[in-house]
1. Quick one: which residue in ILE169, ILE243, ILE194 is within 27 Å of ASN87 (Cβ to Cβ), out of contact with any Pro (no Cβ under 9 Å at 6 or more places or on another chain) and surrounded by 12 or more Cβ atoms within 10 Å (Cβ to Cβ)?
2. When you scan region 310-338, how many residues do you find that are among the hydrophobic types (A, V, I, L, M, F, W, C), part of a helix (DSSP H, G or I) and at pLDDT below 90?
3. Among the listed residues SER209, SER157, SER234, SER255, identify the single one that is surrounded by fewer than 17 Cβ atoms within 10 Å (Cβ to Cβ) and touching a strand residue (DSSP E or B) at 6+ places or on another chain (Cβ under 7 Å).
4. State the number of residues belonging to region 48-68 that are assigned to a helix (DSSP H, G or I) and surrounded by 13 or more Cβ atoms within 10 Å (Cβ to Cβ).
5. Between residues in region 396-413 that are part of a loop (DSSP other than H, G, I, E, B) and residues that are charged (D, E, K, R) and within 10 Å of ligand 1 (Cβ to nearest atom), which pairs lie under 6 Å by C-beta distance while being six or more apart or on different chains?
6. For VAL422, which of the numbered conditions (1) over 54 Å from the mean Cα position of the chain (by Cα); (2) more than 30 Å from GLN324 (Cβ to Cβ); (3) not polar (S, T, N, Q); (4) not in a helix (DSSP H, G or I) fails to hold?
7. Just the residues that are within 15 Å of ligand 1 (Cβ to nearest atom) and in contact with a helix residue (DSSP H, G or I) (Cβ under 8 Å, 6 or more places away or on another chain), please, taken from region 354-378.
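The values are calculated or read from the model by the stated rules, or taken from the named source; none is laboratory data. Note that this is a predicted model, so its numbers are computed, not measured. Every residue, glycine among them, receives a Cβ derived from its backbone with ideal geometry; neighbour counts consider all protein chains shown.
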Amino acid sequence: MKLKQKIILLNISTLLIMLIALGIIISNITDNYNLYTRLQYLQGQGDYAATYIEQYVMNKSRSFFDVPAQMESNADYLSEFLEKTVNCRVQIYYGNSLLGDSEDIVAADTIVRPEVAQTFQKNSAYYISKSPNRTFYYAAPVVIGNKYTYSVAFIYSLAEIDKMKNNTIQMFVITGLISSIIVLLVGTAISNMIIYPIKALNHTTKQFSKGDLNSRAVITTHDEVGELSHTFNSMADNIHEMITKLNNEKEKQKSFFDNFTHEIRTPLTTILGYTDLLWKTNDEEVKDRSLFHIDSEGKRMLKMVESLLELSKLKKFDMEINKQNTNIKQLIEEVCDSMQYKARRYNISFRLNLEPITYIIDPDMFKQMVINIIDNSIKYSKSQFIDITLTKNPKLSLVIEDYGLGISPKSLENVFEPYYKVDKSRNSKIEGWGLGLSIVKEIVNKHDGTINIVSTLDKGTRIEISL
Ligand SMILES: Nc1ncnc2c1ncn2[C@@H]1O[C@H](COP(=O)(O)OP(=O)(O)O)[C@@H](O)[C@H]1O
Ligand SMILES: [Mg+2]
């Protein structure tokens, strides 16, 4: 059964139970009241009839012994007379025998009824026959001169009271029907109001479970359902975010794998080409050149594998770093010294502005980081100078800046991705796998620092590291 039907059923059954209970109570109270007033009326009439009969018969009788004969001859007249005052059928009994009756006597009337029998003990009595056509039987003793006891019996029809009782019941049935219809209509409207947000939420949940990660519940109420919708929405947000992250991660892994295979393919093809040449040629010069290329390509591949290993080592969560108090100024000067030769080949000179700072870092990693950044500026910037600034206030800040080609904003987003190279054709001539900045980023992370690259095309690149 649907919720809506349950709500309506609940309302209608509550209403009907109340109406039935109320109907039973009210019809019983009024019916009892009506019967009570009838009883009082008949009691009064009974007393009156008894007195009237006694006086009438006493007047007619010449002596006390004349009473039975007078009673016998006047019973029919008396019953008919009394019928007019009491307004119901009147009978007069002497013991078991029916002396007079205001209506025609039928066979059943000769059996003495219990309430009449009661009057033999000089008590009045009554009984009410069962529905549907109830009749009020009332009998009162008529004692004449303390010697003769007669009975006067009233057979009073309760049709009017029965009709009233039926009318009351009918009224309640009609009220029940009409109010059920109203409850049905109003209940439908209200339950629609209650159920609409639930239905909407259900719809959204279905959409979401089918894979529509953008579907969200519209919150229209501030009740429990509204709260549930709200909870659902934030759950959906979280799931969406998680799935997006997973997809991105998957994408990254795939592009990493693609790039790796692509990069490794070129040197391998070169090596195999020259090996083939070696098999075929006898020319010493060609042999020499082939061996030279095989050697340098092999070394290049080895370098890449080493970089990759380093990156994967850095990416491990539990990789321990060997931190120690290090003179950073000295470390940077050493790096510049060792790169002096390469820089000169590219017509670049260093301008150092280093404060004498010692700091707790992993010296090998830090060195690797500085080398990678300076190496990029040397290889890619075509700048004249590389400015290296080291300060501390209170964080350690290292800025390496060149004034060369710069990096486009679009590429800047990706430079930290492994194997990412801005211009593949340009860079392929220069050694480089696109792993350098990925390693730099991991080293900064391991030192709980931040790295920021500011770069403008044709203006230069500024790399700020703060630990
Ligand atoms: N100072 C710079 N000036 C211009 N381009 C740079 C600079 N530093 C890095 N890049 C670009 O960022 C890319 C990624 O650098 P990196 O990860 O070190 O890879 P790689 O040096 O192996 O090419 C480089 O290919 C280069 O195009
Ligand atoms: Mg590099």
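1. Only one candidate qualifies: ILE169.
2. Our first condition is that a residue be among the hydrophobic types (A, V, I, L, M, F, W, C); within region 310-338, this holds for 311, 314, 317, 319, 321, 328, 331-332, 335-336.
With part of a helix (DSSP H, G or I) added as a condition, the list becomes 311, 314, 328, 331-332, 335-336.
From the residues that got through so far, the ones that are at pLDDT below 90 too are 311, 314.
Selection size over region 310-338: 2.
3. Details: SER209 fails: touching a strand residue (DSSP E or B) at 6+ places or on another chain (Cβ under 7 Å); SER234 fails: touching a strand residue (DSSP E or B) at 6+ places or on another chain (Cβ under 7 Å); SER255 fails: touching a strand residue (DSSP E or B) at 6+ places or on another chain (Cβ under 7 Å).
Only one candidate passes the filter, namely SER157.
4. Taking region 48-68 and keeping what is assigned to a helix (DSSP H, G or I), we get 48-60, 64-68.
Checking the rest, the ones that are also surrounded by 13 or more Cβ atoms within 10 Å (Cβ to Cβ) come to 48-50, 52-54, 56-58, 60, 66-68.
Total satisfying the criteria: 13.
5. Hits for this filter: GLY404/LYS382; LEU405/LYS382.
6. (1)
7. Correct list: GLN368, MET369, VAL370, ILE371, ASN372, ILE373, ILE374, ASP375, ASN376, ILE378.
One line per residue, one yes/no per condition, for (1) of a type in the set (D, E, K, R); (2) assigned to a helix (DSSP H, G or I):
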{"residue": "PHE208", "(1), (2)": "no, yes"}
{"residue": "ASP212", "(1), (2)": "yes, no"}
{"residue": "SER215", "(1), (2)": "no, no"}
{"residue": "THR221", "(1), (2)": "no, no"}
{"residue": "GLU227", "(1), (2)": "yes, yes"}
{"residue": "HIS230", "(1), (2)": "no, yes"}
{"residue": "SER234", "(1), (2)": "no, yes"}
{"residue": "ILE239", "(1), (2)": "no, yes"}
{"residue": "MET242", "(1), (2)": "no, yes"}
